[in-house]
Amino acid sequence: MVARPSLRVVFLDFDGVLNHDALFLALPRDRTTADCLTDARSFDPACVERVNVICKRTGAVVVVSSSWRCMFGMADIRGILKRHGLRAKVIGDTPRLHRTPDGEERARGHEIQAWLDARAKWQTIESFVILDDSADMAHLLPRLVRTPFATGLGDEHVEQAVAMLGGGAR
């Protein structure tokens, strides 16, 4: 029997994780969403580096769960992240699920679960963590490291994420 490859995954939101209020307030007021494609000011460099640390210490890869995936294609998102210093491997994004067949809105946690279910058909997910400033994770709430929108991803969140992923020591 052939062993299935396994992954550790960071589901990554952007707003409130890689950027935050203090960063937004420092940006020029005439800045547009399209500026994210061409400048290096969309994300806080310290927050991006913290994602790099999480991934390096745990061997995790990144899956984008941010709503930015609905505005930009994955090639653009990878370019934005790389331009901002993300060195971790970005392997894809979660699907966009709008509503259940009954018309109920789906939470971001349902989108993450759909990604996990699709991937599980051919790969083992060893562990995962969700980095997000929102708690709309449904049944996946225990896998959330919640960041404050005011400050984004902090050092204390790095330690929580590494522990949740079962990662290595400092």
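The values are calculated or read from the model by the stated rules, or taken from the named source; none is laboratory data. Not measured: the values here are computed from a predicted model. Counting neighbours? That spans all protein chains shown, and the Cβs are built from the backbone with ideal geometry, glycine included. These accessible areas exclude ligands, DNA and RNA; they are computed on the full protein's heavy atoms, side chains included. Shrake-Rupley method; radii C 1.70, N 1.55, O 1.52, S 1.80 Å.
Could you count how many residues in region 97-136 are modelled with pLDDT of 90 or more and either of a type in the set (Asp, Glu) or within 22 Å of Val48 (Cα to Cα) (or both)?
15
Search region 81-96 for residues being outside any loop (DSSP other than H, G, I, E, B) and on the phi < 0 side of the Ramachandran plot, and hand back the single one that is modelled with the lowest pLDDT. Please lay out each step first, then the result.
Residues of region 81-96 that are outside any loop (DSSP other than H, G, I, E, B), as a first pass: 81-83, 90-93.
Keeping just the survivors that are on the phi < 0 side of the Ramachandran plot gives 81-83, 90-91, 93.
Working: Leu81: 94, Lys82: 94, Arg83: 90, Val90: 98, Ile91: 97, Asp93: 97.
Among those residues, the one meeting the criterion is Arg83.
Within the set of pairs 6+ apart or on separate chains, which have a first residue in region 1-27 that is part of a loop (DSSP other than H, G, I, E, B) and open to solvent by 50 Å² or more (accessible area, probe 1.4 Å), a second that is at pLDDT 75 or above and of a type in the set (S, T, N, Q), and C-beta atoms under 8 Å apart?
Arg4/Gln123; Arg4/Thr124; Pro5/Gln123; Pro5/Thr124
When region 117-140 is examined, which residues are found to be without any contact (Cβ under 8 Å) to a residue 60 or more places away in the chain and either exposed (fewer than 15 other Cβ atoms within 10 Å of the Cβ) or more than 22 Å from Gly16 (Cβ to Cβ) (or both)? Walk me through it before giving the result.
First, the residues of region 117-140 that are without any contact (Cβ under 8 Å) to a residue 60 or more places away in the chain: 117-118, 120-121, 135-140.
Asp117, Ala118, Ala120, Lys121, Ala135, Ala138, His139, listed by residue number.
Residue-by-condition table, conditions (1) of a type in the set (D, E, K, R); (2) surrounded by fewer than 18 Cβ atoms within 10 Å (Cβ to Cβ); (3) free of Cβ contacts under 8 Å to residues at least 24 places away in the same chain; (4) touching a strand residue (DSSP E or B) at 6+ places or on another chain (Cβ under 6 Å):
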site: Lys56; (1), (2), (3), (4): yes, yes, no, no
site: Val61; (1), (2), (3), (4): no, yes, no, yes
site: Trp68; (1), (2), (3), (4): no, no, no, no
site: Gly85; (1), (2), (3), (4): no, yes, no, no
site: His110; (1), (2), (3), (4): no, no, no, no
site: Ala114; (1), (2), (3), (4): no, yes, yes, no
